[in-house]
Amino acid sequence: MLRTLLIYLLNVKYGRVGGLVKLSGGEILVECLLKEGVEYVFGIPGDRCIPFYDAIYRIGSKRGLRFVMTRHEQAAAHMADAYYRVTGKVAVCTGTVGPGAADLVPGVYAAFADSIPMVIITAQNQSFRIYPEHGSMQSLDQHGLFKPITKWTAVINHISRIPELVQRAFRVALTGRPGPVHLDVPSDVVFGEMDIEPEKTIHPPHMYRPTHPIHTDKALVREAAIMLAHAKLPLIHAGAGVLRSGASEEVKALAELLKAPVVTSLSGRGVVPEDSEYCLIPGSPGALAAQSMADVVLHVGGKLGDTDMWGRSPPWGEVGVQRWIQIDIDPEMIGLNRPVDLALVGDAKAVLQQLIEELRAMRIEPVRDLAEFRRLTEEWEKGFLEIALKSSHPIHPLRVVYEARRFFPRDAISVVDGGNTAVWAHYLNRIYEPNTFLWAADSGHLGSGLPYAIAAKIAKPEKPVYLLTGDGAFMLNVQELETAARLKAEIVAIVFNDTQWGMIKGAQKLYFGSRYIGVDFSDVRHDLIAEAMGCVGIRVERAEELRGALEEAATAGKPAVVDVRVDSEANLTPPDLETLAAIWLEGCEPPEREYKEEEVEARAQASR
């Protein structure tokens with residue numbers, strides 16, 4: 001009797017007729033996101049999509065869906081990106097028609113480059129005025145704009161298609177190699193209303209997309225197990241796909257079982273603790289030695305990009321001599337940059353579990369001494385530590401990295417942003433747990449750090465979050481300090497203030513005789529900007545002040561910015577800058593001849 005009464009009251013409240021309920025397009029959109037368990041929508045509202053935001057306020061907020069306003073749409077996309085990296089849960093970013101959508105692009109590109117799933121929702125002009133448009137203000141082909149930087153994009157051209165296309169968006173974003181997807185929603189669609197039966201059209205995820213990991217062929221797994229069991233020195237190369245599938249424990253278990261060294265890609269850092277006996281820091285002498293000496297490599301969830309030297313020899317073994325097993329969810333990634341001997345297509349976690357089961361059944365008991373590889377890595381680290389500890393005034397960038405990593409606990413979330421700042425951080429900023437290292441690795445996108453840090457703190461409020469960022473990168477999204485203050489996101493942003501675009505200036509120094517152009521700027525007081533936006537600001541000019549500044553920042557009870565004046569000259573050329581430049585400028589070597597001032601002047605005179 002009570003149940004019947006409740007159903008009757010709901011029918012009256014929502015205008016149900018025969019099981020139908022009248023909902024706006026915005027309300028249907030929110031119901032679809034709630035069914036997927038979405039917790040956050042990041043963005044800046046616009047008038048073309050007001051019913052969507054109103055539905056979040058009236059319906060979503062009571063059921064766990066929150067809207068976070070950012071100060072720039074780029075930051076909204078970065079925050080949706082970071083939220084997934086930390087939690088494994090898809091978030092939404094949104095912008096209004098035209099400029100709002102265009103401003104999302106930089107943040108979406110960084111997520112696309114790193115295979116991060118997110119749902120982008122853009123408002124659009126009325127469906128009868130678009131595709132092709134005919135002169136409406138703020139008109140933009142948003143469907144075409146997002147095609148190159150998303151897995152899939154669609155225009156929702158009728159209110160009745162909202163459930164179907166939202167469900168397809170999540171299916172595409174989370175199936176196979178993950179990535180961002182885009183929905184373009186005309187204003188008449190989101191403002192419109194229709195009678196809908198939510199229980200029949202807005203389905204739970206298991207009804208329209210795979211929700212269980214994909215295994216691979218057992219015979220191929222057994223073949224891989226035999227190759228690894230008989231290897232003299234197997235090596236595990238773990239990419240970010242391991243983190244996406246939650247397979248860190250499996251990698252650690254496999255390393256223990258095989259007594260095999262583990263080298264991660266730069267974006268895969270944290271798969272295993274970087275002080276583990278099996279972990280060799282990418283790019284370190286120990287890692288390079290193991291990569292070249294291994295007779296069998298198990299490559300899991302990565303594409304072997306430029307910082308992995310595309311799997312070439314050196315630093316890897318020769319193709320045909322060093323045997324290669326690749327595990328990837330995406331068949332198109334198999335053999336992308338290096339031919340393989342055995343391909344295992346499937347989810348990293350599921351396939352590694354299959355592989356571990358096979359190896360345990362074989363009762364292998366390998367005995368390997370990895371001490372020399374570890375010694376080489378530790379000696380490499382020790383050299384950087386010695387440089388850091390000698391620093392006082394001006395402060396060497398390594399000293400800042402050292403003090404930050406020493407201060408924050410092992411489980412702190414570490415965010416990195418910038419060119420040379422990211423290089424220096426790699427040397428001494430050790431990562432100990434999965435999903436605690438955020439960096440726009442594949443895009444190298446500057447400006448992502450502050451939004452990443454804010455989203456990480458929202459996602460894991462119990463964890464300390466610190467950001468290591470260059471001053472150039474920091475200023476690209478500095479306005480988000482107000483967002484951090486408003487959200488009470490108690491992050492610590494450590495700014496390496498060298499008043500220059502350090503990496504580019506370093507390249508100009510290396511290749512063009514210190515002829516600098518477009519790389520210097522003034523000394524900005526980032527600490528004072530922080531205070532103006534409701535955060536704590538601290539200026540540091542001597543190394544001895546760093547520890548105290550970090551303590552003050554971490555206990556301030558609000559977001560904090562530690563503005564550190566680092567040695568501008570020392571910051572120009574990290575040890576690996578020349579190697580990185582050689583990778584990125586392959587085939588584009590600058591001319592070796594000297595440029596003489598009189599020669600340049602003579603040409604200028606002739607042109608006049």
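The values are calculated or read from the model by the stated rules, or taken from the named source; none is laboratory data. This is a predicted model, so every value here is computed, not measured. So basically every Cβ, Gly included, is an ideal-geometry build from the backbone, and we count neighbours across all protein chains shown.
Taken over segment 455-469, the criterion of being touching a residue at least 40 places away in the same chain (Cβ under 8 Å) and part of a loop (DSSP other than H, G, I, E, B) is satisfied by 460, 463, 464. Screening residue 434 on (1) assigned to a loop (DSSP other than H, G, I, E, B); (2) closer than 16 Å to residue 106 by Cβ shows it passes everything except condition (2).
Screening the candidates 320, 311, 268 for the property of being buried (at least 24 other Cβ atoms within 10 Å of the Cβ) and either more than 26 Å from the chain's Cα centre (by Cα) or on the phi < 0 side of the Ramachandran plot (or both) yields one hit, 268.
Contact map, segment 197-223: first residue free of Cβ contacts under 8 Å to residues at least 40 places away in the same chain, second residue loosely packed, with under 15 Cβ neighbours inside 10 Å and aromatic (Phe, Trp, Tyr), Cβ cut-off under 9 Å, separation 6 or more or different chains; the map is empty.
Looking at the structure I just gave you, is residue 486 over 21 Å from residue 414 (Cβ atoms), touching a Gly at 6+ places or on another chain (Cβ under 8 Å), of a type in the set (Lys, Arg) and surrounded by fewer than 18 Cβ atoms within 10 Å (Cβ to Cβ)?
Details: over 21 Å from residue 414 (Cβ atoms): yes; touching a Gly at 6+ places or on another chain (Cβ under 8 Å): yes; of a type in the set (Lys, Arg): yes; surrounded by fewer than 18 Cβ atoms within 10 Å (Cβ to Cβ): yes.
So residue 486 passes the test.
Residues of segment 320-352 that are among the polar types (S, T, N, Q) and touching a strand residue (DSSP E or B) at 6+ places or on another chain (Cβ under 9 Å): 322, 326. If you go through segment 213-227 and keep only what is within 20 Å of residue 246 (Cα to Cα) and assigned to a helix (DSSP H, G or I), you end up with just 221. Taking first residues from segment 293-316 that are in contact (Cβ under 8 Å) with a residue 24 or more places away in the chain and partners that are in a helix (DSSP H, G or I) and β-branched (Val, Ile, Thr), the Cβ contacts under 6 Å between residues at least 6 apart in sequence or on separate chains come to 300/242; 301/242; 306/583.
Within segment 347-369, one or more residues are closer than 20 Å to residue 256 by Cα, among the small types (Gly, Ala, Ser), under 25 Å from the mean Cα position of the chain (by Cα) and modelled with pLDDT of 95 or more.
The residue list 385, 389 contains one member that is touching a Lys or Arg at 6+ places or on another chain (Cβ under 9 Å) and surrounded by fewer than 24 Cβ atoms within 10 Å (Cβ to Cβ), which is 389.
Provide a single number: the residues in segment 245-264 that are touching a strand residue (DSSP E or B) at 6+ places or on another chain (Cβ under 7 Å) and farther than 16 Å from residue 362 by Cα.
Within segment 245-264, the subset touching a strand residue (DSSP E or B) at 6+ places or on another chain (Cβ under 7 Å) is 251, 254-255, 258, 260-264.
Applying the additional criterion that residues be farther than 16 Å from residue 362 by Cα yields 251, 260-264.
So the answer is 6.
Residue 375: without any contact (Cβ under 8 Å) to a residue 12 or more places away in the chain and either more than 26 Å from residue 261 (Cβ to Cβ) or not hydrophobic (A, V, I, L, M, F, W, C) (or both), yes or no? Answer is no for this residue. Consider residue 372 against the criteria (1) over 16 Å from the mean Cα position of the chain (by Cα); (2) within 28 Å of residue 329 (Cβ to Cβ): it satisfies all of them except one. Which criterion is unmet? It is condition (2) that residue 372 fails.
How do the pairs read when you match residues in segment 489-504 that are assigned by TED's automatic domain parsing to the domain that holds residue 475 and at pLDDT 95 or above with residues anywhere that are of a type in the set (Ser, Thr, Tyr) and surrounded by 22 or more Cβ atoms within 10 Å (Cβ to Cβ), using Cβ under 6 Å and keeping only pairs 6 or more apart or on different chains? Final answer for the pair search is 492/466; 495/469; 496/421.
Taking the stated definitions as given, is residue 411 surrounded by fewer than 13 Cβ atoms within 10 Å (Cβ to Cβ) and within 30 Å of the chain's Cα centre (by Cα)?
Values: surrounded by fewer than 13 Cβ atoms within 10 Å (Cβ to Cβ): yes; within 30 Å of the chain's Cα centre (by Cα): yes.
The answer is yes for residue 411.
Of the residues making up segment 106-141, those that are of a type in the set (Gly, Ala, Ser) and either without any contact (Cβ under 8 Å) to a residue 60 or more places away in the chain or out of contact with any Lys or Arg (no Cβ under 8 Å at 6 or more places or on another chain) (or both) are 107, 110, 111, 113, 127, 135, 136, 139.
Of the residues examined, residue 309 is one that is aliphatic (A, V, I, L, M) and farther than 30 Å from residue 212 by Cα.
Kindly provide the set of residues from segment 171-189 that are touching a residue at least 24 places away in the same chain (Cβ under 8 Å) and touching a strand residue (DSSP E or B) at 6+ places or on another chain (Cβ under 7 Å), ordered by number. Quick ask: steps written out before the conclusion?
First, the residues of segment 171-189 that are touching a residue at least 24 places away in the same chain (Cβ under 8 Å): 171, 173-189.
Passing the criteria: 173, 180, 181, 182, 183, 184, 185, 186, 187.
Entry remark, segment 120-134: residues being surrounded by fewer than 24 Cβ atoms within 10 Å (Cβ to Cβ) and either at pLDDT 95 or above or not small (Gly, Ala, Ser) (or both) number 9 in total.
Test residue 250 against the stated conditions and say whether it is closer than 16 Å to residue 351 by Cα, within 25 Å of the chain's Cα centre (by Cα) and acidic (Asp, Glu). Yes, satisfied.
Just to be sure before I move on: is residue 448 surrounded by fewer than 24 Cβ atoms within 10 Å (Cβ to Cβ) and either assigned by TED's automatic domain parsing to the domain that holds residue 82 or among the hydroxyl-bearing types (Ser, Thr, Tyr) (or both) in the structure I sent? Steps first, please.
Details: surrounded by fewer than 24 Cβ atoms within 10 Å (Cβ to Cβ): no; either assigned by TED's automatic domain parsing to the domain that holds residue 82 or among the hydroxyl-bearing types (Ser, Thr, Tyr) (or both): yes.
No; evaluated as a whole, the condition is false for this residue.
Restricting 276, 267 to residues that are among the hydroxyl-bearing types (Ser, Thr, Tyr) and part of a helix (DSSP H, G or I) narrows the list to 267. Which one of 277, 193 is in contact with a Lys or Arg (Cβ under 9 Å, 6 or more places away or on another chain), surrounded by fewer than 24 Cβ atoms within 10 Å (Cβ to Cβ) and assigned by TED's automatic domain parsing to the domain that holds residue 144? It is 193. Does residue 316 satisfy the condition of being in a loop (DSSP other than H, G, I, E, B), hydrophobic (A, V, I, L, M, F, W, C), assigned by TED's automatic domain parsing to the domain that holds residue 255 and out of contact with any Asp or Glu (no Cβ under 8 Å at 6 or more places or on another chain)? It is true that residue 316 is in a loop (DSSP other than H, G, I, E, B), hydrophobic (A, V, I, L, M, F, W, C), assigned by TED's automatic domain parsing to the domain that holds residue 255 and out of contact with any Asp or Glu (no Cβ under 8 Å at 6 or more places or on another chain).
Residues that are over 17 Å from residue 369 (Cβ atoms) and surrounded by 24 or more Cβ atoms within 10 Å (Cβ to Cβ) within segment 284-295 comprise just one, 291. Filter segment 253-265 for residues that are aliphatic (A, V, I, L, M) and either surrounded by fewer than 21 Cβ atoms within 10 Å (Cβ to Cβ) or at pLDDT below 95 (or both); which is farthest from the chain's Cα centre (by Cα)? Across segment 253-265, the extreme among qualifying residues is 257. The residues of segment 249-264 that are without any contact (Cβ under 8 Å) to a residue 60 or more places away in the chain and part of a helix (DSSP H, G or I), listed by number, are 249, 252, 255, 256.
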